[in-house]
Amino acid sequence: MEIKINKPYGYSQLGQRESQQDALFPEEGDEQMAFGMVCDGVGGLDRGEVASGLVCEAFSRMLTGTLRQGDPFGKKELEEVLRYAYRLLYDNRCVCDSMATTLAFLAITKQGMLLAHIGDSRIYQLRPGVGILFCTEDHSLVQQMVNEGKLTREEAAHHQRKNVITRCLRVTPEAEEYDDATLDLIRDVRPRDLFLICSDGVNDRVSDEELVEVLLQEESLEERGKLLKRLTHNSSDNNTALLIEVTEVNKSEEEEQLTRYETMETSLYPLADRKGWGEGLKNVGRMLKGLFARK
């Protein structure tokens with residue numbers, strides 16, 4: 001599959017916060033951009049701006065110059081980058097050993113659009129004439145309650161604990177404690193599809209209906225991006241967005257027959273990894289020891 005895009009549009013704003021804890025990469029992309037991402041330093045923990053910046057730096061180091069638009073890139077390769085991001089956070093623990101961040105990442109691959117997220121930063125797929133075709137599912141307390149039938153989506157949007165997340169990239173002493181990312185491979189990609197990567201400061205300020213109204217206009221991508229930027233400038237939180245618009249898609253007949261969407265979880269350190277079963281059993285022992293120690 002070959003996917004071509006317009007020049008992306010991105011922005012990052014302070015909102016009503018005193019400091020900027022969002023990070024955007026790339027800050028200015030072009031039509032050859034192979035990947036983009038938004039990270040949001042976790043509120044309530046120190047040095048979130050360092051954590052978000054380090055994770056963007058990790059992905060940049062691993063992928064800039066090596067991942068090209070349309071390359072084969074999947075779960076295995078993404079897991080390697082995530083491991084490196086966790087290691088970079090740990091190597092900088094002297095700055096703050098409790099810092100953490102969310103992640104929302106998109107890569108333009110040979111298989112389609114590969115999305116990865118941890119936390120409540122989101123990725124949307126919008127299509128003219130349809131609206132929002134896809135949205136990642138937050139790793140959050142209220143989303144978990146919605147899934148369990150304890151809250152409606154309307155109640156979750158205004159719940160007092162809506163910003164409590166259940167996964168993040170953070171400094172961890174043991175690799176087994178890494179939070180996994182949810183991966184979504186989107187093969188149903190068409191010309192004029194628009195992908196929005198954003199921190200929660202955007203979707204907290206702008207409803208799904210407003211996103212459709214603003215982003216599926218006939219204006220240029222830059223004009224639509226600037227309008228979204230104006231709507232979110234006074235958000236209660238930092239707000240960051242990256243807009244990626246598809247211009248052309250070329251698929252083979254075989255690719256047309258593939259499943260349109262595939263969702264999976266990373267497995268960063270399976271118990272029986274490349275080090276063998278012996279190391280896996282040691283991991284089990286460490287996990288059990290940690291569980292009893294926390295009681």
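The values are calculated or read from the model by the stated rules, or taken from the named source; none is laboratory data. These figures come from a predicted structure and were not determined experimentally. Because the Cβ atoms are built from the backbone with ideal geometry, glycine has one as well, and the counts that use them run over all protein chains shown.
Numerical summary
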{"read-out": "Residue match in region 138-153 (condition: surrounded by 15 or more Cβ atoms within 10 Å (Cβ to Cβ), among the polar types (S, T, N, Q) and in contact (Cβ under 8 Å) with a residue 60 or more places away in the chain)", "value": "no"}
{"read-out": "Subset of region 189-213 that is surrounded by fewer than 17 Cβ atoms within 10 Å (Cβ to Cβ) and not small (Gly, Ala, Ser) - its residue that is nearest to Ala100 (Cα to Cα)", "value": "Asp208"}
{"read-out": "Long-range neighbours under 7 Å by Cβ, at least six apart or interchain, first residue free of Cβ contacts under 8 Å to residues at least 12 places away in the same chain and among the basic types (Lys, Arg) within region 186-207, second part of a strand (DSSP E or B) and surrounded by fewer than 19 Cβ atoms within 10 Å (Cβ to Cβ)", "value": "none"}
{"read-out": "Number of positions in region 73-115 that are closer than 15 Å to Asp180 by Cβ and free of Cβ contacts under 8 Å to residues at least 24 places away in the same chain", "value": "3"}
{"read-out": "Top-ranked residue in region 88-122 [being charged (D, E, K, R) and assigned to a loop (DSSP other than H, G, I, E, B); ranked as nearest to the chain's Cα centre (by Cα)]", "value": "Asp120"}
{"read-out": "From Thr259, Thr152, Thr172, residue being more than 19 Å from the chain's Cα centre (by Cα), polar (S, T, N, Q), within 24 Å of Gly119 (Cα to Cα) and at pLDDT below 90", "value": "Thr152"}
{"read-out": "So Ser220, is it out of contact with any Lys or Arg (no Cβ under 6 Å at 6 or more places or on another chain), farther than 30 Å from Asn250 by Cβ and among the small types (Gly, Ala, Ser)", "value": "no"}
{"read-out": "Test: Leu106 is within 17 Å of Thr266 (Cα to Cα), out of contact with any Ser or Thr (no Cβ under 9 Å at 6 or more places or on another chain) and surrounded by 15 or more Cβ atoms within 10 Å (Cβ to Cβ)", "value": "yes"}
{"read-out": "Criterion: at pLDDT below 95, loosely packed, with under 15 Cβ neighbours inside 10 Å, among the basic types (Lys, Arg) and over 16 Å from the mean Cα position of the chain (by Cα) - qualifying residue of Arg230, Arg161", "value": "Arg161"}
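Residues checked against (1) modelled with pLDDT under 95; (2) acidic (Asp, Glu); (3) assigned to a loop (DSSP other than H, G, I, E, B):
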{"position": "Ile3", "(1), (2), (3)": "no, no, no"}
{"position": "Gly10", "(1), (2), (3)": "no, no, no"}
{"position": "Glu27", "(1), (2), (3)": "yes, yes, yes"}
{"position": "Asp40", "(1), (2), (3)": "no, yes, no"}
{"position": "Arg61", "(1), (2), (3)": "no, no, no"}
{"position": "Gly65", "(1), (2), (3)": "yes, no, yes"}
{"position": "Arg83", "(1), (2), (3)": "no, no, no"}
{"position": "Tyr86", "(1), (2), (3)": "no, no, no"}
